[in-house]
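The values are calculated or read from the model by the stated rules, or taken from the named source; none is laboratory data. Bear in mind that the values here come from a model prediction, so they are computed numbers and not experimental data. Please note: Cβ atoms are built from the backbone with ideal geometry, for glycine as well, and neighbour counts cover all protein chains shown.
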Amino acid sequence: MTLSSSTPPSAQPGGGYRSVFAPGLLAGQVIIVTGGGSGIGRCSAHELAHLGAQVVLVGRKADKLAAVQQEIEADGGHASAHSCDIRSEDGVVQLVQQVLAAHGRIDGLVNNAGGQFMSPLESISARGWEAVVNTNLTGGFLLARECFRQWMGEHGGAIVNIVADMWGSMPGMGHSGAARAGMVSFTETAAVEWARAGVRVNAVAPGYIASSGMDNYPPEAAQMLRAIPRTVPAGRMGTEAEVSAAIAFLLSPAASFISGTTLRVDGARPQGRAGWGMQLPDEQARQRAAVQPFEGFHRAQTPRVFAKAEAAAAGH
């Protein structure tokens, strides 16, 4: 079984992002992407720039943001980078002010920044709990609120909040599960309250995605991560580009009557049930076009935990 996370030859750097959406779809729009320095944020920033948007990369590490900005500009896109700790209310207020001063508008927000650590509930300190909740819930709320207050409340816009596969709980990361569930509720509430201003608010819930974020887990988690595809009905992990495509769709005019929803990108993972024998796709089924992994990101990189496994399987 392949992990479907390696970059195909046709998608190497220099080939350009291979979006399924029409060129120029988001031309003239200014879209903020938090957590834009790596993983899903980096991928979606590339696709949005490819579609014509001016992308505003936001994160805490200026060097990572600068690297992604350089990538986007090398590919012919437009991006700017702004360092900000989204957990700081004053910092977020100033960030939105700076974006408006630099670009004059904010059409979209991708609330992607997040993070967590593996731990059973009884071992999580109040400080650890607050750090995860503030990053995955409060920070996203602050960004959305300020975008609404300072621009979207008068001009409309679209917000996409990135959550996670927390349906049925997240044992081992209960702080993240609580925060993500809270973000889904916030998404639904904001969609109702802000509809009067022409603002749509949706969420995307990635399942198990072969993203660089998995490189942040401790070495002892490697065996568990490599076994994940066997728990997914689709029989594989998703790609960053498959999540990015969902984000781009929800930001696009095609989603103009969609608000308050959470779009899952998870290969039916939450539907797995104890007592149901998991019937993974065989090799013939894997080759069918309808379930082939979408590898649109020309700069995608296989997470180290999987790259090592692939090298070992190849005898390297």
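Before moving on, here are some points about what is shown:
- In the range 30-52, the residues that are surrounded by fewer than 24 Cβ atoms within 10 Å (Cβ to Cβ) and at pLDDT 95 or above: VAL30, LEU51, GLY52
- Here ILE162, ILE106 are screened, and the one residue that is at negative phi, crowded, with 22+ Cβ neighbours inside 10 Å, in contact with a Cys (Cβ under 8 Å, 6 or more places away or on another chain) and of a type in the set (Val, Ile, Thr) is ILE106.
- Being modelled with pLDDT under 95, under 18 Å from the mean Cα position of the chain (by Cα) and within 30 Å of ALA289 (Cβ to Cβ) holds for only one residue in SER19, SER5, and it is SER5.
- Inter-residue pairs, beta-carbon under 7 Å, first without any contact (Cβ under 8 Å) to a residue 60 or more places away in the chain and in the range 26-41, second crowded, with 24+ Cβ neighbours inside 10 Å and of a type in the set (A, V, I, L, M), 6+ apart: GLY37/LEU57; GLY37/LEU65; GLY37/VAL68
- Within the range 247-258, at least one residue is under 13 Å from the mean Cα position of the chain (by Cα), surrounded by 17 or more Cβ atoms within 10 Å (Cβ to Cβ), touching a residue at least 60 places away in the same chain (Cβ under 8 Å) and under 18 Å from ALA164 (Cβ atoms).
- Residue check, HIS50 in contact with a Pro (Cβ under 9 Å, 6 or more places away or on another chain) and touching a residue at least 24 places away in the same chain (Cβ under 8 Å): yes
- Residue in the range 227-234 that is within 22 Å of MET183 (Cβ to Cβ), β-branched (Val, Ile, Thr) and modelled with pLDDT of 85 or more present: no
- Residue-level check: of (1) in contact (Cβ under 8 Å) with a residue 60 or more places away in the chain; (2) surrounded by fewer than 16 Cβ atoms within 10 Å (Cβ to Cβ), GLY213 misses just (2).
- Qualifying residue in the range 196-211 (condition: hydroxyl-bearing (Ser, Thr, Tyr) and more than 21 Å from ILE162 (Cα to Cα)): no
- Test: residue in the range 193-209 that is touching a Phe, Trp or Tyr at 6+ places or on another chain (Cβ under 7 Å), over 27 Å from GLU146 (Cβ atoms) and touching a residue at least 60 places away in the same chain (Cβ under 8 Å): no
- Candidates are the residues of the range 63-75 that are farther than 24 Å from MET214 by Cα and free of Cβ contacts under 8 Å to residues at least 24 places away in the same chain; the one that is surrounded by the fewest Cβ atoms within 10 Å (Cβ to Cβ) is ALA74.
- Taking (1) small (Gly, Ala, Ser); (2) buried (at least 19 other Cβ atoms within 10 Å of the Cβ); (3) more than 25 Å from GLU146 (Cβ to Cβ) in turn, SER169 satisfies each apart from (2).
- Filter result (charged (D, E, K, R), modelled with pLDDT of 90 or more and either touching an Asp or Glu at 6+ places or on another chain (Cβ under 8 Å) or not in a strand (DSSP E or B) (or both)) within the range 186-221: GLU188, GLU193, ARG196
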